[in-house]
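*Asks:* Below is the structure I would like to discuss, written out as structure tokens.
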Amino acid sequence: MNLDQVDLGSLYRVSQVNAPKGAPQIKGQLEDIGFLPGEQVTILRKGLLGKGPYMVRIGTSTFALRHSEACMIAVEVLEHV
């Protein structure tokens with residue numbers, strides 16, 4: 001599943017970042033801010049109607065992601081709240 005599909009407050013692990021073929025630099029940008037395989041991630045808030053922007057905690061940092069960015073981040077469930 002991708003980060004845009006997860007439940008608020010549950011704990012997940014990043015499994016991979018899947019950038020579009022026409023924009024491979026996006027993968028590097030997301031990895032640079034911490035979206036690396038094995039990192040724990042939680043969605044703290046979702047925007048209007050459950051779409052982006054998303055407030056995301058990765059490690060000890062908090063970021064806002066667009067819906068299109070969250071769709072690129074594959075995650076695995078660690079713990080449901």
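*Asks:* Can you tell me which residues in the stretch 52-68 are touching a Pro at 6+ places or on another chain (Cβ under 9 Å) and buried (at least 16 other Cβ atoms within 10 Å of the Cβ)?
*Replies:* Once the filter is applied, which keeps residues that are touching a Pro at 6+ places or on another chain (Cβ under 9 Å) and buried (at least 16 other Cβ atoms within 10 Å of the Cβ), the stretch 52-68 yields only L65.
*Asks:* Quickly run through the stretch 50-76 and pick out the residues that are closer than 12 Å to L3 by Cβ and of a type in the set (V, I, T).
*Replies:* V56, I58, I73, V75
*Asks:* Right, next: Suppose we filter the stretch 36-64 for residues that are outside any strand (DSSP E or B) and within 15 Å of V77 (Cα to Cα); how many remain? Break it down stepwise before answering.
*Replies:* Our first condition is that a residue be outside any strand (DSSP E or B); within the stretch 36-64, this holds for 36-39, 47-53, 59-60.
Those left that are additionally within 15 Å of V77 (Cα to Cα): 37-39.
Here the count works out to 3.
*Asks:* Could you go through the stretch 5-27 and let me know if any residue there is touching a strand residue (DSSP E or B) at 6+ places or on another chain (Cβ under 7 Å), part of a strand (DSSP E or B) and open to solvent by 60 Å² or more (accessible area, probe 1.4 Å).
*Replies:* We begin by selecting, within the stretch 5-27, every residue touching a strand residue (DSSP E or B) at 6+ places or on another chain (Cβ under 7 Å); these are 6, 8-18, 27.
Then keep just the ones that are part of a strand (DSSP E or B); that gives 11-17.
Next, only the ones that are open to solvent by 60 Å² or more (accessible area, probe 1.4 Å) stay: 13, 16.
There is at least one residue in the stretch 5-27 that is touching a strand residue (DSSP E or B) at 6+ places or on another chain (Cβ under 7 Å), part of a strand (DSSP E or B) and open to solvent by 60 Å² or more (accessible area, probe 1.4 Å).
The values are calculated or read from the model by the stated rules, or taken from the named source; none is laboratory data. Quick caveat: nothing in here was measured; it's all calculated off a predicted structure. Methodologically, a virtual Cβ is constructed for each residue, glycine included, from the backbone with ideal geometry; neighbour enumeration extends over all protein chains shown. We work out accessible area using only protein heavy atoms, side chains counted, and drop any ligands, DNA or RNA first. Shrake-Rupley method; radii C 1.70, N 1.55, O 1.52, S 1.80 Å.
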